[in-house]
Amino acid sequence: MIWCILVVGFLLPQSLADPGFFTSIGQMTDLIRTEKDLVTSLKDYIKAEEDKLEQIKNHLLEQFSTAIYPSVLWFHSRDYSDKWAEKLDQLTSTATKDPEGFVGHPVNAFKLMKRLNTEWSELENLVLKDMSDGFISNLTIQRQYFPNDEDQVGAAKALLRLQDTYNLDTDTISKGDLPGVKHKSFLTVEDCFELGKVAYTEADYYHTELWMEQALRQLDEGEISTIDKVSVLDYLSYAVYQQGDLDKALLLTKKLLELDPEHQRANGNLKYFEYIMAKEKDANKSASDDQSDQKTTPKKKGVAADYLPERQKYEMLCRGEGIKMTPRRQKKLFCRYHDGNRNPKFILAPAKQEDEWDKPRIIRFHDIISDAEIEIVKDLAKPRLRRATISNPITGDLETVHYRISKSAWLSGYENPVVSRINMRIQDLTGLDVSTAEELQVANYGVGGQYEPHFDFARKDEPDAFKELGTGNRIATWLFYMSDVSAGGATVFPEVGASVWPKKGTAVFWYNLFASGEGDYSTRHAACPVLVGNKWVSNKWLHERGQEFRRPCTLSELE
């Protein structure tokens, strides 16, 4: 069997160590400043410790060269450390000018995690001989705030998730050719190899094959790397075998043995593959000669344990593809000024409404929250951001899940007048009572952040979902968009084919329940992964209690 590496992380403060840390852009921007501080300390250290620099130079030349700038390999080893520090200083200087934009690029985010978790720690081990040194002290202090192995793996998984959702090939991601990027970045052979290993540890042989092949291509193109072809082919051949392509696995194994004839595992695999192929030929010996030479058919990409029936439609909508509204239905969608049913606050300055979809009716309000209000809400939420949870429909307990990856915080109206004003604005424009609504939830979706298809309301098989609140089911959803997103991040409705794209300062509103109280299953929706950028939203879930006379029941069950 092929080997794998078991990574064990160290303990971190709760604010950093909880799963999904990497999805918070706000916290990741702090890492950029931390790395900038470390670079400054490193430059001072290099000047003060010339006698130890030779050993560090050799290590940096071997381990770090292609991790930051492959082009620096031409530097002479004697001045390499200074040049490396200057290059990294340039990188962090660029990043600190626009930290959210920089880590909004998923490749930059992954490489930042990899550098801080792996490469800086290796450098720390080299220079730990003198604890009195300022750089060592600074690095040791800052290290408690570094991401751990779980965060690095999470960032890798986010890249794989984006690859699938947006149909990106490995070469596009490796070259950083993503739409709307401000800070183009690339993946080295080591990075591609790391992504392949992460997929392998998850028994995801499909992505293992893709990324090991990308690593091999870059090696064939002449990229200098500490990873050799033997290591790549070792993973690649086994991943191909696991997917059923025995012929290709045998070919790759032979290629490996040409490079390393004494490779014990490859020699064992070669004998095993040849034995399996001989058995297959014996089983097919009654067939014609042409049939006996027929290749083994590779398996298709396996169905994941968390497979969703609407996955294909969901991902198509995230890419802006899929169902489009007919011209006849489009003609029924309008833009209008809305005064909140003659609400005094909106008679002279009515709100701008736009119909996004007809069934379910999804309405967008334009210029409904100001930039100043957005910043206040974000500032209130940032210190409280924690991994978002969902209510277990069976136990009722709050728990983190793989299909909801974001950071969220809850804000009460009484703690800040801006939050109270926003709550009242929702009440005035919807005509629904917000006194029984849940608190304003603020969410930040960073690299690969998403919320897969779900319902906001409780179904009939979840009668106790909101029992503790005592306010009935979630009758409606109000969703503020508090940032623009460079690429990805749409809110999609797979049941009907609607895609609503983020636009800062706007909000969308829809009813989850019919007036009869029955759930509207067409409101099943999802937050698509953020491909490039940073997505801030806040939402208000309004409940049934208090709406008896504001939204009376109808005689029809589905109205």
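The values are calculated or read from the model by the stated rules, or taken from the named source; none is laboratory data. Computed from a predicted structure; not experimentally measured. Glycine gets a Cβ as well: all are built from the backbone with ideal geometry, and neighbour counts include every protein chain shown. The area values use the complete protein model at the heavy-atom level, side chains included, leaving out ligands, DNA and RNA. Shrake-Rupley method; radii C 1.70, N 1.55, O 1.52, S 1.80 Å.
Among the criteria (1) modelled with pLDDT of 80 or more; (2) surrounded by fewer than 18 Cβ atoms within 10 Å (Cβ to Cβ), the one V107 does not fulfil is (2). Of everything in segment 466-516 that's of a type in the set (S, T, N, Q), in contact with a Phe, Trp or Tyr (Cβ under 7 Å, 6 or more places away or on another chain) and assigned to a loop (DSSP other than H, G, I, E, B), which residue is nearest to S370 (Cα to Cα)? The selected residue is T506. Residues that are of a type in the set (S, T, Y), under 30 Å from L178 (Cα atoms) and not in a loop (DSSP other than H, G, I, E, B) do occur in segment 430-445. Just to be sure I understand, how many residues within segment 409-427 are surrounded by 17 or more Cβ atoms within 10 Å (Cβ to Cβ) and out of contact with any Pro (no Cβ under 9 Å at 6 or more places or on another chain)? Counting residues in segment 409-427 that are surrounded by 17 or more Cβ atoms within 10 Å (Cβ to Cβ) and out of contact with any Pro (no Cβ under 9 Å at 6 or more places or on another chain) gives 9.
Does E452 meet the test of being modelled with pLDDT of 95 or more, in contact with a helix residue (DSSP H, G or I) (Cβ under 9 Å, 6 or more places away or on another chain), closer than 16 Å to S408 by Cβ and open to solvent by 10 Å² or more (accessible area, probe 1.4 Å)?
Working: modelled with pLDDT of 95 or more: no; in contact with a helix residue (DSSP H, G or I) (Cβ under 9 Å, 6 or more places away or on another chain): yes; closer than 16 Å to S408 by Cβ: yes; open to solvent by 10 Å² or more (accessible area, probe 1.4 Å): yes.
The answer is no for E452.
Of all residues in segment 211-254, those satisfying the criterion of being out of contact with any helix residue (DSSP H, G or I) (no Cβ under 6 Å at 6 or more places or on another chain), under 25 Å from T188 (Cα atoms), open to solvent by 50 Å² or more (accessible area, probe 1.4 Å) and in a helix (DSSP H, G or I) are R217, D220. Of the residues making up segment 517-546, those that are assigned to a loop (DSSP other than H, G, I, E, B), within 30 Å of V447 (Cβ to Cβ) and in contact with a Gly (Cβ under 8 Å, 6 or more places away or on another chain) are C528, P529, G533, N534. Can you find even one residue in segment 512-526 that is closer than 15 Å to T430 by Cβ and among the aromatic types (F, W, Y)? Among the residues of segment 512-526, not one is closer than 15 Å to T430 by Cβ and among the aromatic types (F, W, Y), which makes the answer no. Screening segment 120-130 for residues that are touching a helix residue (DSSP H, G or I) at 6+ places or on another chain (Cβ under 7 Å) and outside any helix (DSSP H, G or I) and picking the one that is modelled with the lowest pLDDT gives D130.
Got a number for residues in segment 523-549 being closer than 30 Å to S408 by Cα and out of contact with any Ser or Thr (no Cβ under 9 Å at 6 or more places or on another chain)?
Within segment 523-549, residues that are closer than 30 Å to S408 by Cα and out of contact with any Ser or Thr (no Cβ under 9 Å at 6 or more places or on another chain) number 2.
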